[in-house]
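Have a look at the structure below before the remarks.
The values are calculated or read from the model by the stated rules, or taken from the named source; none is laboratory data. Values in this document were obtained by computation on a predicted structure and should not be read as measured data. No Cβ is skipped: glycine too gets one built from the backbone with ideal geometry, and neighbour counts run over all protein chains shown. Keep in mind that these areas ignore ligands, DNA and RNA; they rest on the heavy atoms of the full protein, side chains included. Shrake-Rupley method; radii C 1.70, N 1.55, O 1.52, S 1.80 Å.
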Amino acid sequence: MSKLMSSTLQDIHQEKILILDFGSQYTQLIARRLRESGVYCEIFPYDLSETRARDFAPNGIVLSGGPESVNAEATLVAPGYVFELDVPVLGICYGMQTMAKQLGGEVQVSSKSEFGFARVQLMQESQLLGELKDGIEDDESYLDVWMSHGDKVTRTPPGFVVGGRSDNTDIALMFDEERSFYGVQFHPEVNHTLQGAEIIDRFVKKVCKCKALWTPTKIVQDIVERIRVQVGSGRVILGMSGGVDSSVVAALLSRAIGDQLTCVFVDNGLLRYDEANQVEKMVGEGTQNVYALNLVTVNATDRFLSRLEGVTDPEEKRKIIGNTFIDVFDEQAATIEGVGFLAQGTIYPDVIESAGHEEGKAHVIKSHHNVGGLPDYMNLELVEPLRELFKDEVRKIGLELGLSREMVFRHPFPGPGLGVRILGEVKPIYADLLREADHIYLQELRAAGLYDQVSQAFTVFLPVRSVGVVGDARRYEYVIALRAVETIDFMTARWAHLPYEFLERVSSRIINEISGVSRVVYDVSSKPPATIEWE
Ligand code: XMP
């Protein structure tokens, strides 16, 4: 990574796996699984230069899957050094096919694709599978795997043996143990492959012989040490949002540099119910435990809401909220003597995505601004302690640092907050109604044990009026929509099938307890084509 600092601790990046990305939707999943096995890894584009690969000095290489066909003209091939670095190589799906073809085997284009569950009957023992095969009767030795491919390997390269076959694929697993080259047609990184995690674990530990140095405790020690080296006696400013990432950054910085850190929390009037208090409370609790955070809360509600007056376009609203945040934060920073650093909660997927931008590669993840747009004249050096971590790792180290489960497993909340959940013009009264409705919804979700089962849940304010009758009185009031989705990556999402009784309870509480709302509806749109937020 760009900012590897010298450290007196054991280097947790000492043992590592290089992943070459051929464009699979599962590449990040491969990385997460490798790291769950306790080994650091990084993802690079498939055509990474030899110099950079040698500098990285991997203990093993994984070739990801990808959408291409190895037989197409101008197809993607693994660089030659992959097979010459004298380290184990695991080719997954497309990675296996290109390995087969490049080393002298044969791949056939198939019009018939194999997608979904499959059974791979094992034919040969290998280091990769080891005990997975032991103890299973010969005629029952199989793996339950997830397949997703069209082309298939029809002849193994010289030196390889066939390790397993499925109904559709005679060569579903191949290897050359002499050189430690393995190819699997299935996807060990997805949960549907029952023995997948064990296969990946065996690859890093038995085949690549890596030690498990990448653990939450060691990651925290490493980051804390690197912050100290980078910052020295300098002062750091951090924009706290109350979300997982900025809270974990705050806790790490506090542990590393104590009161050289100042956290700024901007109340923009578009926060969730009681949010400002909760952030202060979290900080308070932290102080008693481990953390000393200088928290400055800036109440800029009027400034945000007055700038939003009369504005209805969603992107325009986003811009105003983002720019106002920068103004407020900037002013605040100027009042703190000697600030030299700005901390940010950038995580590894953001880094991969911006690398994609630089190299002009296709990218699908939507980019959202955080404090990223701060003016250059502030002249602050960035501190990005989470740059190497996936979201699930951020959560693990959050728990390691002693943050509460509630904080660590909070649903994501967009930067523009309720500003994009009030359709059209934002008015203070709408924000108040929405906040209350959202509070009831989340409270009920937690009480029913459903909060952790959905990925994101929130309410949306619809500025239309609808007739209702409460007691004998006719009401003509606003509408609240409930939204809940299940998703892994937030790029696609399924609307959550919440129980009817639950929805009934929420609806009845919102209508009865909030005067100003006469109707509640449930959003049954999945993404795509709908987005998760309504604006
Ligand atoms: P969409 O609505 O694009 O949302 O399906 C995907 C995820 O991104 C969050 N989101 C935002 N986050 N600033 C943010 O920081 C934004 O402007 C923004 N818009 C959407 C959304 O909450 C969901 O988790």
For residues that are within 13 Å of the ligand (Cβ to nearest atom) and surrounded by 16 or more Cβ atoms within 10 Å (Cβ to Cβ), tally how many sit in region 302-319. 3
Mind listing whichever residues of region 452-473 are surrounded by 10 or more Cβ atoms within 10 Å (Cβ to Cβ) and among the charged types (D, E, K, R)? Asp452, Arg465
Answer yes or no: is there a residue in region 410-430 that is of a type in the set (A, V, I, L, M, F, W, C), surrounded by fewer than 21 Cβ atoms within 10 Å (Cβ to Cβ), over 30 Å from Gly38 (Cβ atoms) and away from the ligand (no atom under 16 Å from the Cβ). yes
Phe490 being open to solvent by less than 60 Å² (accessible area, probe 1.4 Å) and not small (Gly, Ala, Ser): no
If a residue has to be more than 18 Å from Gly91 (Cα to Cα) and out of contact with any Lys or Arg (no Cβ under 9 Å at 6 or more places or on another chain) to count, how many in region 51-76 make the cut? 7
Scan region 390-405 and give yes if some residue there is more than 16 Å from the ligand (Cβ to nearest atom), under 30 Å from Ile510 (Cα atoms) and assigned to a helix (DSSP H, G or I), otherwise no. yes
Could you give every pair whose Cβ atoms fall below 7 Å, whose first residue belongs to region 70-82 and is assigned by TED's automatic domain parsing to the domain that holds Ser24, and whose second residue is part of a loop (DSSP other than H, G, I, E, B) and aromatic (Phe, Trp, Tyr), counting only separations of at least 6 or pairs across chains? Leu76/Phe22; Leu76/Tyr46; Ala78/Tyr46
Out of (1) without any contact (Cβ under 8 Å) to a residue 40 or more places away in the chain; (2) within 27 Å of the chain's Cα centre (by Cα); (3) open to solvent by 40 Å² or more (accessible area, probe 1.4 Å), the one Ala53 does not meet is (3)
From Gly105, Gly60, Gly95, Gly66, residue being open to solvent by 20 Å² or more (accessible area, probe 1.4 Å) and touching a residue at least 24 places away in the same chain (Cβ under 8 Å): Gly66
Give the residues of region 245-265 that are open to solvent by 10 Å² or more (accessible area, probe 1.4 Å) and under 17 Å from Gly415 (Cα atoms), sorted by residue number. Asp245, Ser246
Test: residue in region 16-34 that is in contact with a helix residue (DSSP H, G or I) (Cβ under 6 Å, 6 or more places away or on another chain), in a loop (DSSP other than H, G, I, E, B) and modelled with pLDDT of 95 or more: yes
In region 12-47, what residues are in contact with a Phe, Trp or Tyr (Cβ under 6 Å, 6 or more places away or on another chain) and under 15 Å from Glu388 (Cα atoms)? Ile12, His13, Lys16, Leu18, Arg32, Arg35, Gly38, Val39, Tyr40
Say whether the condition of being more than 34 Å from the chain's Cα centre (by Cα), at pLDDT below 90 and open to solvent by less than 80 Å² (accessible area, probe 1.4 Å) is met by at least one residue in region 142-157. no
Across region 477-535, the tally of residues that are assigned to a strand (DSSP E or B), among the hydrophobic types (A, V, I, L, M, F, W, C) and away from the ligand (no atom under 16 Å from the Cβ) stands at 5
Tell me, yes or no, whether region 196-210 has at least one residue that is modelled with pLDDT of 95 or more, closer than 18 Å to Ala292 by Cβ and either surrounded by 20 or more Cβ atoms within 10 Å (Cβ to Cβ) or of a type outside the set (S, T, N, Q) (or both). no
